[in-house]
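Colleague: I have a structure I would like to understand better, so I am pasting it below and will then ask my questions one at a time.
The values are calculated or read from the model by the stated rules, or taken from the named source; none is laboratory data. Keep in mind that this is a model prediction, so the values were computed, not measured. Cβ placement follows ideal geometry from the backbone for every residue including glycine, while neighbour counts extend to all protein chains displayed.
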Ligand code: KG4
Ligand code: ZN
């Protein structure tokens, strides 16, 4: 069973083809991605209208590339999948529109996929996939959540951010340090030459007793420090502030993840979403979990940020699990705001 998947929820156009035949983990046959980062950089963030227009430009050439790379043609496709939400409405509509038109033309079923379910399941495409059940730390530009994942389609939210997402905290702090969008990887790079102890920054909700996060206070603290340093900020001070910011975000993510593991008694942790690419986060999680006999699983680095592979994969895994998600007609909607709990069995 071949699933063609489309991702267009934000600033990446992703298309992928997976083989979900049999009961094994679906196999990625090919995938292609176009990142709009360079286009949005001039504006310091994603411009929704530009994002939608660029998805329109990229999606069909990427689809042709994916089919050619896999040595397949459209008539080989059994199911078409697309990101139904959450994300930018206009951007989502491009993927949904293309997927539903293609499926209608081919006379094949179509399936709307939850973007975060894609992130959650993305480690199943790696060489060493996890087994169920596990705790998942979802850390992206729009989301910060700890989930308990018992099986495909069975997700319980253990805790989430009450304001900014972890990626947003990285991006907003990076902006204050004069770094380009999206700031997460730039801030991490700058932090390499900095002293993480140089600035005392808050660890919001670290001792709240629950598994929720809050990052907006951290951004304000970084702003206060940046103002104190004045302009131009010395190079070392900038690196020190970057390192201190990264350390604060990472410490909160690590401590809350450990608490979630302790609370659920689970021995596996899956880390997904763009911030999961952060080296310090990986080092600290590996160290802390290693000491406790907990295994940590990551998607392959190129599948940490948004991509079509995780959407095709999630569709394939849902179909294999017998979950009723195939859309029979070709009318569609998108869900810009959509909680993962809503699709959980
Ligand atoms: O999952 P993703 O590609 O898109 C969303 O669905 O949001 O995540 C993007 C986020 C951005 O905030 C970006 O700055 C952050 O992931 N990010 C990082 C790193 N790489 C990407 N943050 C910290 N360190 C990194 N190495
Ligand atoms: Zn994402």
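Colleague: Is it true that some residue in the range 86-101 is in a loop (DSSP other than H, G, I, E, B), within 15 Å of ligand 1 (Cβ to nearest atom) and surrounded by fewer than 22 Cβ atoms within 10 Å (Cβ to Cβ)?
Modeller: yes
Colleague: Can you tell me how many residues within the range 79-116 are on the phi > 0 side of the Ramachandran plot and without any contact (Cβ under 8 Å) to a residue 60 or more places away in the chain? Reasoning before the result, please.
Modeller: Looking only at the range 79-116, we keep the residues that are on the phi > 0 side of the Ramachandran plot, and these are 85, 87, 107.
The next check asks that each one be without any contact (Cβ under 8 Å) to a residue 60 or more places away in the chain; those that pass are 107.
Qualifying residue count for the region: 1.
Colleague: How many residues does the range 36-77 hold that are touching a helix residue (DSSP H, G or I) at 6+ places or on another chain (Cβ under 9 Å) and part of a loop (DSSP other than H, G, I, E, B)? Don't jump to the end; show me each part of the working.
Modeller: Residues of the range 36-77 touching a helix residue (DSSP H, G or I) at 6+ places or on another chain (Cβ under 9 Å): 36, 39-40, 43-56, 59-60, 63, 67, 70, 72-77.
Now drop any that are not part of a loop (DSSP other than H, G, I, E, B), which leaves 36, 43-47, 72-73, 77.
Adding up the residues that qualify gives 9.
Colleague: Let me ask something additional. Among the residues of the range 157-180, write down those that are within 16 Å of ligand 2 (Cβ to nearest atom) and within 20 Å of residue 279 (Cβ to Cβ). Working first, answer last.
Modeller: Residues of the range 157-180 that are within 16 Å of ligand 2 (Cβ to nearest atom), as a first pass: 160-161, 164-171.
The answer is 165, 166, 167, 168, 169, 170, 171.
Colleague: Filter the range 272-291 for residues that are within 14 Å of ligand 2 (Cβ to nearest atom) and part of a helix (DSSP H, G or I); which is surrounded by the most Cβ atoms within 10 Å (Cβ to Cβ)? Give the derivation first.
Modeller: So in the range 272-291, the residues within 14 Å of ligand 2 (Cβ to nearest atom) come out as 272-277.
Of the ones still in play, those that are also part of a helix (DSSP H, G or I) are 274-277.
Values: 274: 24, 275: 30, 276: 27, 277: 20.
So, considering only residues that are within 14 Å of ligand 2 (Cβ to nearest atom) and part of a helix (DSSP H, G or I), the one surrounded by the most Cβ atoms within 10 Å (Cβ to Cβ) is 275.
For (1) more than 15 Å from ligand 2 (Cβ to nearest atom); (2) part of a loop (DSSP other than H, G, I, E, B); (3) modelled with pLDDT of 95 or more; (4) at negative phi, each residue gets a yes or a no:
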position	(1), (2), (3), (4)
293	yes, yes, yes, no
296	yes, no, yes, yes
302	no, no, no, yes
313	no, no, yes, yes
316	yes, no, yes, yes
324	yes, yes, no, yes
330	yes, yes, no, yes
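Colleague: Right, here's the next one. Would you mind telling me which numbered condition in (1) at pLDDT 95 or above; (2) within 16 Å of ligand 1 (Cβ to nearest atom); (3) closer than 21 Å to residue 273 by Cβ residue 28 fails?
Modeller: Just one mismatch for residue 28, condition (2).
Colleague: Taking the options 315, 345, 321, 341, name whichever one is away from ligand 1 (no atom under 16 Å from the Cβ) and crowded, with 21+ Cβ neighbours inside 10 Å. Break it down into steps so the answer makes sense when it comes.
Modeller: Details: 345 fails: crowded, with 21+ Cβ neighbours inside 10 Å; 321 fails: crowded, with 21+ Cβ neighbours inside 10 Å; 341 fails: crowded, with 21+ Cβ neighbours inside 10 Å.
Checking each option against the conditions leaves just 315.
Colleague: Would you mind stating whether residue 227 is surrounded by fewer than 21 Cβ atoms within 10 Å (Cβ to Cβ), more than 11 Å from ligand 1 (Cβ to nearest atom) and in a helix (DSSP H, G or I)? Break it down stepwise before answering.
Modeller: Numbers: surrounded by fewer than 21 Cβ atoms within 10 Å (Cβ to Cβ): yes; more than 11 Å from ligand 1 (Cβ to nearest atom): yes; in a helix (DSSP H, G or I): yes.
Against the criterion (surrounded by fewer than 21 Cβ atoms within 10 Å (Cβ to Cβ), more than 11 Å from ligand 1 (Cβ to nearest atom) and in a helix (DSSP H, G or I)), residue 227 qualifies.
Colleague: For the range 103-217, give me every one of the strands (runs of 3 or more DSSP E) that falls completely inside it and has 1 or more residues that are farther than 30 Å from residue 264 by Cβ and over 20 Å from the mean Cα position of the chain (by Cα). Steps first, please.
Modeller: Numbers: elements: 110-114, 134-139, 144-151, 154-160.
Strands (runs of 3 or more DSSP E) meeting the threshold: 110-114.
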